[in-house]
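The values are calculated or read from the model by the stated rules, or taken from the named source; none is laboratory data. In this text the structure is predicted, and so the values were computed from the model without any measurement. Because the Cβ atoms are built from the backbone with ideal geometry, glycine has one as well, and the counts that use them run over all protein chains shown.
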Amino acid sequence: MTKNEYTHIEETLYQEKLDNGLTVFLLPRPQMSKTYAIFSTNYGSIDRTFVPIGKSEKITVPDGIAHFLEHKLFEKKDRDVFADFGKQGASANAYTSFTKTAYLFSATANIEENVKTLLDFVQDPYFSEESVEKEKGIIGQEIKMYDDQPDWQSFMGTLKTLFKKTPVNIDIAGTIDSISEITKDDLYTCYHTFYHPENMTFFIAGNFDPNKMLSLIKANQSAKTFEKLEEIQRDYPEEPSEVAKQEDKIVMPVSVAKCTVGIKESTQELEGEKFVKKDLLQDMILTFYFSKSGQFYEELYREKMIDSSFYFETNLEKNFGYSILGGNSDNPDQFVEKIKSLLLSTNTLEISEEEFDRMKRKKIGQLLRSMNSLENIASKYIHYHTVGVDFFELIPVIQSLTVKDANEFLKEWISEDRLAVCKVVAE
């Protein structure tokens, strides 16, 4: 077991890669009453075309299957695993993103029992034709619910305008038609390809003894048999740098129009230093200009272009990235033109040394505050780990960034062909 001490944030993290390939991280916080564990696989909704383990030809599975599989793993032949966690005083959940599927629990007692339950249920799939058909109805209702939510339609509509081929433009849950095609055999194919320990990470943070916990996890894993995993062959389409379409309009029963402007941040595979530098700078610069203290926000507010619904978000993954700015608007056309104008002006602006120092201090403060949350630490650590970045070393990386880095990024950040618009308007 490797012990990593991060003196600048007063954290100690233990790490071990088990014989079966599973990477385990242990973050003891004995002063806390709660413990949080997450068991994650490097498999999400965009992993739709791949070569199944033991096969030589690639296949494309129905959209929404990663999310469908997440649902089905909780259901066993004789019980629902949520009930097991409930009896042990734990709160359990799971989520599927574009790139990951994760299973988790938080608890203040029976930690060892809950860890065993988490490991065992994820590593013991049970799918029957009857239960698969039943699940189609349940997930179908979930899809219909999201179809009626303007915020979600605005988000997915923006991604569809930004990306032409990358499957991030497909809803994580799929469609009613796509999930109707899912079979029991499809689920087992995806499970055995992507749920091998070599492709998974276990992270636990909270009140426990790291040596005892690692012994428990090792004993649990050594009692199970896994074939050696060859490298997973995933097939992602080549994505053009320009947006799929400049603008799209979605008609829905809304009282006020919703408007978003999307930035196509990345279409190339990024890892390590290149990834973390871009990840930090695009977030810091968006925050600098569009947070409530930013000059663009103040200008938008002064001209009554935005209200409290205004938001921005940015996301960078290994092989794609996007930023979205939006909110409610009585005048969508005017809102869009103003946001685009402000964004396009950034390549002629320059950030001063003093401003960049403030930006770095603000980002470091945000990171330190986020580290009060076990949930945030665990999910962020796994996210960065998959692209070869140590989450606990982000602060030294931020400190090493220079104003020259920021201004060079700014000059190339925005171009007209990488901006797209989505409007949700009333009928």
Item to complete: Sort out which residues of the range 237-284 are in contact with a Phe, Trp or Tyr (Cβ under 9 Å, 6 or more places away or on another chain), under 23 Å from residue 154 (Cα atoms) and not hydroxyl-bearing (Ser, Thr, Tyr), and write them in order of number.
Response: 239, 243, 244, 257, 259, 261, 262, 263, 264, 265, 282
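May I ask you to list the residues in the range 135-150 that are charged (D, E, K, R) and surrounded by 13 or more Cβ atoms within 10 Å (Cβ to Cβ)? Even if it seems obvious, please write down each step before you answer.
Step one: list which residues in the range 135-150 are charged (D, E, K, R), which gives 135-136, 142, 144, 147-148.
135, 136, 142, 147, listed by residue number.
Which one of these is more than 30 Å from residue 54 (Cβ to Cβ), surrounded by fewer than 16 Cβ atoms within 10 Å (Cβ to Cβ) and under 26 Å from the mean Cα position of the chain (by Cα): 274, 264?
Selected residue: 274, the only one of 274, 264 that is more than 30 Å from residue 54 (Cβ to Cβ), surrounded by fewer than 16 Cβ atoms within 10 Å (Cβ to Cβ) and under 26 Å from the mean Cα position of the chain (by Cα).
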Worksheet entry | Matching entry among 176, 111 (being under 24 Å from residue 60 (Cα atoms) and either crowded, with 20+ Cβ neighbours inside 10 Å or in the same structural domain as residue 200 (by TED's automatic domain parsing) (or both)) | 176
Discussion item. Just to confirm my filter: which helices (runs of 4 or more DSSP H) fall fully inside the range 352-427 and include at least 3 residues that are touching a Phe, Trp or Tyr at 6+ places or on another chain (Cβ under 9 Å)?
Written reply: 353-370, 374-385, 403-413
Worksheet item: Within the range 122-134, can one find any residue that is closer than 20 Å to residue 174 by Cα, assigned by TED's automatic domain parsing to the domain that holds residue 168 and within 21 Å of the chain's Cα centre (by Cα)?
Response: no
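Please count how many residues of the range 160-169 are under 15 Å from the mean Cα position of the chain (by Cα) and closer than 20 Å to residue 424 by Cα. I'd like the intermediate steps shown before the answer.
Residues of the range 160-169 under 15 Å from the mean Cα position of the chain (by Cα): 167-169.
Subset that is closer than 20 Å to residue 424 by Cα: 168-169.
Number of matching residues: 2.
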Worksheet entry | Cross-chain or 6+ apart pairs with Cβ under 6 Å, the range 103-121 first and part of a helix (DSSP H, G or I), then of a type in the set (Asp, Glu) | 117/84
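Let's see how each residue does on (1) touching a Leu at 6+ places or on another chain (Cβ under 8 Å); (2) at positive phi; (3) assigned by TED's automatic domain parsing to the domain that holds residue 165:
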{"position": "206", "(1), (2), (3)": "yes, yes, yes"}
{"position": "212", "(1), (2), (3)": "no, no, yes"}
{"position": "215", "(1), (2), (3)": "no, no, yes"}
{"position": "218", "(1), (2), (3)": "yes, no, yes"}
{"position": "221", "(1), (2), (3)": "yes, no, yes"}
{"position": "224", "(1), (2), (3)": "no, no, yes"}
{"position": "239", "(1), (2), (3)": "no, no, no"}
{"position": "242", "(1), (2), (3)": "no, no, no"}
{"position": "254", "(1), (2), (3)": "no, no, no"}
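Select from the range 358-401 the residues that are among the hydroxyl-bearing types (Ser, Thr, Tyr) and touching a residue at least 40 places away in the same chain (Cβ under 8 Å) and list them in ascending order.
Taking the range 358-401 and keeping what is among the hydroxyl-bearing types (Ser, Thr, Tyr), we get 370, 373, 379, 381, 384, 386, 400.
379, 381, 384, 386 - these are the residues of the range 358-401 that are among the hydroxyl-bearing types (Ser, Thr, Tyr) and touching a residue at least 40 places away in the same chain (Cβ under 8 Å).
Looking at residue 305, is it touching a Phe, Trp or Tyr at 6+ places or on another chain (Cβ under 6 Å) and surrounded by 13 or more Cβ atoms within 10 Å (Cβ to Cβ)?
Values: touching a Phe, Trp or Tyr at 6+ places or on another chain (Cβ under 6 Å): yes; surrounded by 13 or more Cβ atoms within 10 Å (Cβ to Cβ): yes.
In short, yes.
Considering only residues that are part of a loop (DSSP other than H, G, I, E, B) and at pLDDT 95 or above, look in the range 126-164 and name the one that is nearest to residue 260 (Cα to Cα).
Checked the range 126-164; the qualifying residue nearest to residue 260 (Cα to Cα) is 163.
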Practice prompt. Identify all residues within the range 187-209 that are touching a Pro at 6+ places or on another chain (Cβ under 7 Å) and either buried (at least 18 other Cβ atoms within 10 Å of the Cβ) or closer than 28 Å to residue 155 by Cα (or both); write none if there are none.
Written response: 189, 191, 193, 208
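Quick one: count up the residues across the range 203-228 that are hydroxyl-bearing (Ser, Thr, Tyr) and part of a helix (DSSP H, G or I). Full working, then the answer.
Within the range 203-228, the first condition is being hydroxyl-bearing (Ser, Thr, Tyr), and the residues that meet it are 215, 222, 225.
Subset that is part of a helix (DSSP H, G or I): 215, 222.
Of the residues in that region, 2 qualify.
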